Amino acid sequence: MSMTVLLEVQLRSDLPTETVEGAIRETLAQTGAFAGNESLEVLVDDSDPSRVIVVERWTTPAAHDAYVAWRGTPEGAANALAAVVAAPPVTRRFGRTITLD
């Protein structure tokens, strides 16, 4: 069963846009290469460009769990992203859908 993860991130507004976007690209390149990741998209809030939502699609909840565990290791630490966030990210996981037909 696939799942969608929404990661809400408040970014620091005192850093150059190039620095922030570079950190996002670096971190998400690792995420996108992780086994079980199907896609990534970064949505920027129109009223507050320092707030973004990362939309992640995973093949299974177990694949996402493995990714989260890896991020908790020294090898998987998202140091570049950690340097540009203003507050801890909020993660929401969605595995169940409601059919509309």
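The numbers here are math on the coordinates, done by the rules we state, and not lab data. Quick caveat, the model's predicted, so the values are computed rather than measured. Please note: Cβ atoms are built from the backbone with ideal geometry, for glycine as well, and neighbour counts cover all protein chains shown.
What the Cα convex hull of segment 3-94 gives, in volume per residue, is 89 Å³. Note on V55 and V42: the extension gain reaches 4.1 nm, defined as 0.36 nm multiplied by sequence separation minus the Cα-Cα distance. Across segment 7-12, rounded Karplus estimates of 3J(HN,Hα) from the backbone phi angles (6.51 cos²θ - 1.76 cosθ + 1.60, θ = phi - 60°) give 10, 8, 10, 9, 8, 5 Hz, Gly and Pro being marked x.
Compared with the alpha-carbon gap, the fully stretched path from D101 to A35 is longer by 20.6 nm at 0.36 nm per residue.
For segment 17-30, 3J(HN,Hα) computed residue by residue from phi via the Karplus equation (6.51, -1.76, 1.60; θ = phi - 60°) reads 3, 4, 5, 5, 5, x, 5, 4, 4, 4, 5, 6, 5, 5 Hz, glycine and proline entered as x. Under 5 Å from the amide H of R12 lie the amide H atoms of V85, A86, each residue being 5 or more positions distant or on a separate chain, with H modelled from the backbone and absent for Pro and chain starts.
Compared with the direct C-alpha span, the chain from S2 to A83 gains 26.1 nm at full extension, assuming 0.36 nm per residue.
Distant-in-sequence amide contacts of T60, defined by a placed amide H-H separation under 5 Å and a gap of 5 or more residues or a different chain, comprise M3. Of all the options S47, S13, S39, the one that moves most in a Gaussian network model of the chain with Cα springs shorter than 10 angstrom is S47.
Each residue of segment 89-101 was assigned a 3J(HN,Hα) from its phi angle through the Karplus expression (A = 6.51, B = -1.76, C = 1.60, θ = phi - 60°), giving x, 10, 10, 10, 10, 10, x, 9, 10, 10, 6, 10, 9 Hz with x at Gly and Pro. Among L43, L15, L81, a tally of other beta-carbon atoms within 10 Å of each Cβ gives an order, fewest to most, of L43, L15, L81.
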